[in-house]
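Before we start, here is the structure in question, set down as C-alpha cells.
The values are calculated or read from the model by the stated rules, or taken from the named source; none is laboratory data. Note that the coordinates shown come from a computational prediction; the quantities given were computed from them, not determined experimentally. Positions of Cβ are generated from backbone atoms using ideal geometry, with glycine treated the same way; all protein chains shown enter the neighbour counts.
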Amino acid sequence: MVAAPGDEGRPSGPPLVGVLALQGASALHLEALRALGAEAVEVRTPEELAGVDALVLPGGESTTISMMLERNELFEPLAERLAAGMPAFGTCAGMILLADGVLDGRSDQRSFAAIDVDVRRNAFGRQVDSFEADLDVEGLEGGPFPAVFIRAPVIERAGEGVEVLAEVDDRPVLCRQGPVMVAAFHPELSDDLRLHRAFLERVSSPRPAGAVAAPTD
Ligand code: GLN
C-alpha cells in the first residue's frame, strides 16, 4: 500500500481488511474482497493484525488454526481486537473460532466467544462431507445465495442477541451479532460477492441497524 503525499497513514484512507492466513482458504477471500474494491492483506503476525480494521477468519481446520494462533502469538491480540469491536467475518472453521462454545472440538482448541453461538464441529446432519444449498438470506437482495458447505459445523445454540440471517433445515447457518458475522459455509467458493459486500458495508459504516446488504444502487 502506497500512502498518498500528505497522508499521515491510516485511518484517513479506506479501511484495510485482513484475512487470517495461518492455514486454510484465505486466497479466495482476498480475491473476493479486492474484486469489491477493498484493500485486503494476509494476516499472520501481531504486527499485521495491528494494521487492519477488520478481519476475515477463513475455513480450514479450526484445531490447526487455533494452535497456530497460539504459536504465532496472535491469540491474545486478536481476542483483544475482537473484544474492542473489530468487525470480523468467520466462515466455517472461522465461525468455530469466533463461537462462544465449541462441541466436539479438541480439548486444547480455543475460541474467541466473539458471537453468542455454540457450534458442533463436523455435524451438519448426515452431510459430513459437502453439499450445496440455495439460501434465502434476510435482507439480501438478488435471490438466494448459493452456499457451499464442507464438513460444516452446526450452530446448536444462538443467543438472544444473535440475528439469524439464514437457515438450512431449521438450523442457523448465517448469523450476525453487532460487528461479527459468521457463516457455516464457504461464501468465497461461490461466484457471488454479496456476503463479502455485506461484510464490507459494516466495515465502512459499522452501525448496528439496517439490512445485511442494503443495495446502494
Ligand atoms: N471441519 C472443520 C473444522 O472443524 C471446518 C471445515 C471447513 O472449514 N470447511 O475446523
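Here's the yes/no breakdown for (1) in a loop (DSSP other than H, G, I, E, B); (2) surrounded by fewer than 16 Cβ atoms within 10 Å (Cβ to Cβ); (3) free of Cβ contacts under 8 Å to residues at least 60 places away in the same chain:
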residue	(1), (2), (3)
Asp134	no, yes, yes
Val137	yes, no, no
Gly143	yes, yes, yes
Ala147	no, no, yes
Leu165	no, no, yes
Val173	no, no, yes
Glu188	no, no, no
Asp191	yes, yes, yes
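Among the residues that make up the range 120-130, is at least one of them closer than 17 Å to Ala99 by Cβ, aromatic (Phe, Trp, Tyr), at pLDDT below 95 and over 17 Å from the mean Cα position of the chain (by Cα)?
For the range 120-130, residues closer than 17 Å to Ala99 by Cβ, aromatic (Phe, Trp, Tyr), at pLDDT below 95 and over 17 Å from the mean Cα position of the chain (by Cα): present.
Residue-by-condition table, conditions (1) touching a Leu at 6+ places or on another chain (Cβ under 9 Å); (2) in contact (Cβ under 8 Å) with a residue 60 or more places away in the chain:
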{"site": "Gly85", "(1), (2)": "no, yes"}
{"site": "Gly94", "(1), (2)": "yes, yes"}
{"site": "Leu97", "(1), (2)": "yes, no"}
{"site": "Ala113", "(1), (2)": "yes, no"}
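Just the residues that are surrounded by fewer than 24 Cβ atoms within 10 Å (Cβ to Cβ) and either within 11 Å of Ile150 (Cα to Cα) or touching a strand residue (DSSP E or B) at 6+ places or on another chain (Cβ under 8 Å) (or both), please, taken from the range 99-111.
Taking the range 99-111 first, the residues surrounded by fewer than 24 Cβ atoms within 10 Å (Cβ to Cβ) are 100-111.
Hits for the range 99-111 are Asp100, Gly101, Val102, Leu103, Asp104, Gln109, Ser111.
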